[in-house]
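Written out below as structure tokens is the structure these notes cover.
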Amino acid sequence: MSAAPPLRFHPRSRRFEVALGGGPPCIVLDGALAEPHAWIEWATSRRGDFAERGDNAYPGPELALPETALDALADCFDQHARHALGGRRTLRRHGRLALATRSPAQLAPRQWLCHVDRLGIVPGECIGASVLYLFADPALGGTAFFRPRRPLPEIAALVQDSARLDPAAFAVRSGLAPGYMTRSNAWFERVAAVPAAFNRLVFYPGNVFHGADIEAPARLSPDPARGRLTLNGFFACRSRAAV
């Protein structure tokens, strides 16, 4: 089994920001990796090791990043995004390769919704997250961001219902239909989106509701060389607002 390639970031990537309607913005690096195709090739060689996890709602199989790659990703986050996202010291980090593969009919109710990232955040901490698009077809979708249209206790109840109810019961309770969430609805308003582009890295505040902006789910594939392959990171930080 081949070792993972080094996760090297290009020193001349193009950096810009995308506003999210208040609060910290997204930080975007275009041309992020020096050797992105090496990671597609490695993911393809490890295709049989990807597996769906039971502890999150990702709609497809994932593969944990090697520690050396996770170190490099965390260093990039610290350099380019941690301060802008409200952090002053990175405490914990996690990373994985991921393939979105489920059709709308295969999605569980909690996968019909946008979500926030948690990573065991406690008072005095904040969370940053990242997604690196390792696919060339923009129709496979970037990332959309949302804000609640209902009071937060109602949103919390909706999320709980999505985890405990079967699809038919949740559809009646929520008024939602199976599918990837790409538009505003009665519960959430879409406020921004970052389109997919090959080798684009997006850092964003993990406490903002978000989800994969998959408008063409029929194009999803379990093949890392053709599908919606992403490299995802999560970073728990000491908040700059904390004493």
> Just one of T68, T90 is touching a helix residue (DSSP H, G or I) at 6+ places or on another chain (Cβ under 7 Å), more than 19 Å from F209 (Cβ to Cβ) and surrounded by fewer than 19 Cβ atoms within 10 Å (Cβ to Cβ); which is it?
Replying inline: T90
> Out of all the residues in region 173-225, which are farther than 26 Å from I27 by Cβ, of a type in the set (K, R) and free of Cβ contacts under 8 Å to residues at least 60 places away in the same chain?
Replying inline: R173
> When the residues of region 19-33 are filtered to those that are surrounded by fewer than 16 Cβ atoms within 10 Å (Cβ to Cβ) and touching a residue at least 24 places away in the same chain (Cβ under 8 Å), which remaining residue is nearest to T143 (Cα to Cα)?
Replying inline: A19
>> Quick check on A186: is it in a helix (DSSP H, G or I), at pLDDT 95 or above and hydrophobic (A, V, I, L, M, F, W, C)?
In response: no
>> Any residue that is farther than 21 Å from L7 by Cβ, of a type in the set (F, W, Y) and modelled with pLDDT of 95 or more - is there at least one of those in region 100-112?
In response: yes
> So which residues in region 190-219 are more than 15 Å from the chain's Cα centre (by Cα) and surrounded by fewer than 21 Cβ atoms within 10 Å (Cβ to Cβ)?
Replying inline: R190, V191, F198, E215, A216, A218, R219
> Can we say T101 is touching a Phe, Trp or Tyr at 6+ places or on another chain (Cβ under 8 Å), of a type outside the set (A, V, I, L, M, F, W, C) and touching a residue at least 60 places away in the same chain (Cβ under 8 Å)?
Replying inline: no
> Does region 83-104 hold any residues that are over 26 Å from L140 (Cα atoms) and either out of contact with any strand residue (DSSP E or B) (no Cβ under 6 Å at 6 or more places or on another chain) or in a helix (DSSP H, G or I) (or both), and which are they?
Replying inline: H83
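The values are calculated or read from the model by the stated rules, or taken from the named source; none is laboratory data. All figures in this text were calculated on a predicted structure; none of them were measured in a lab. Glycine gets a Cβ as well: all are built from the backbone with ideal geometry, and neighbour counts include every protein chain shown.
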